[in-house]
Amino acid sequence: MFGFKMAALKRPNRGLHCVHLQLYKDLKERQKNGQTKASLSLQQYLGFESGFTLDKESNTLAILCEDVVPVLAFDTREILIQWRVKVQHNLGSSKEFAAVIISAPSSTGIKAGPVRLHACGPRLALCASRPPEVLALWDVKLLR
């Protein structure tokens, strides 16, 4: 975990399906539009997972994207819920389904065990472990 105290989601253009996650040292830096300490472009959104424990933090939110899965930890459950709403509003909603991998070809590197299937728009994402890791991705219209 990084030592950032403040984060913000910004949409550079309403037409684009992309937002920037900007991390600040503290609230003062954010309020005076100070310099960000880090910034991530979140594209190819697949869904989110929240409420898992990571490094003794339980108010966590993982934003699932094709290329990156940032994990944020919040001080309170209320702030976590506010961020879940922000993510859904800015990136869209998804449905999450619990599943179990019984077996998979060894060449895939996917192990048998519990997984989660995220359905977001025309795509399906298979995720496992905590924090979540995207194991596989499918375009629904290409599945038969």
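Quickly run through segment 43-59 and pick out the residues that are polar (S, T, N, Q) and assigned to a loop (DSSP other than H, G, I, E, B). Answer for segment 43-59, where residues must be polar (S, T, N, Q) and assigned to a loop (DSSP other than H, G, I, E, B): Gln43, Gln44, Thr53, Ser58, Asn59.
For every residue, the table says whether it meets (1) surrounded by 12 or more Cβ atoms within 10 Å (Cβ to Cβ); (2) under 16 Å from Leu21 (Cα atoms).
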| position | (1), (2) |
| --- | --- |
| Ser58 | yes, no |
| Asp67 | no, yes |
| Pro70 | yes, yes |
| Ile101 | yes, no |
| Lys111 | yes, no |
| Arg116 | yes, no |
| Ala125 | yes, no |
| Ser129 | yes, no |
| Pro132 | yes, no |
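Of all residues in segment 36-50, those that are within 26 Å of Val115 (Cα to Cα) and in contact (Cβ under 8 Å) with a residue 12 or more places away in the chain have Cβ atoms under 9 Å from Cβ atoms of residues that are among the basic types (Lys, Arg) and open to solvent by less than 70 Å² (accessible area, probe 1.4 Å), 6 or more apart or on another chain, in Gln44/Arg123; Leu46/Arg123; Gly47/Arg116; Glu49/Arg116.
Condition check ((1) part of a loop (DSSP other than H, G, I, E, B); (2) modelled with pLDDT of 90 or more; (3) among the polar types (S, T, N, Q)) across all residues:
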position: His89; (1), (2), (3): no, no, no
position: Phe97; (1), (2), (3): no, yes, no
position: Ala104; (1), (2), (3): yes, yes, no
position: Pro114; (1), (2), (3): no, yes, no
position: Cys127; (1), (2), (3): no, yes, no
position: Trp138; (1), (2), (3): no, yes, no
position: Lys141; (1), (2), (3): no, yes, no
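The values are calculated or read from the model by the stated rules, or taken from the named source; none is laboratory data. What you see is a predicted model, and the numbers here were worked out from it, not measured in a lab. Quick reminder, even Gly has a Cβ in these numbers, built from the backbone with ideal geometry, and neighbours come from all protein chains shown. Note: areas computed on protein heavy atoms with side chains; ligands, DNA, RNA excluded. Shrake-Rupley method; radii C 1.70, N 1.55, O 1.52, S 1.80 Å.
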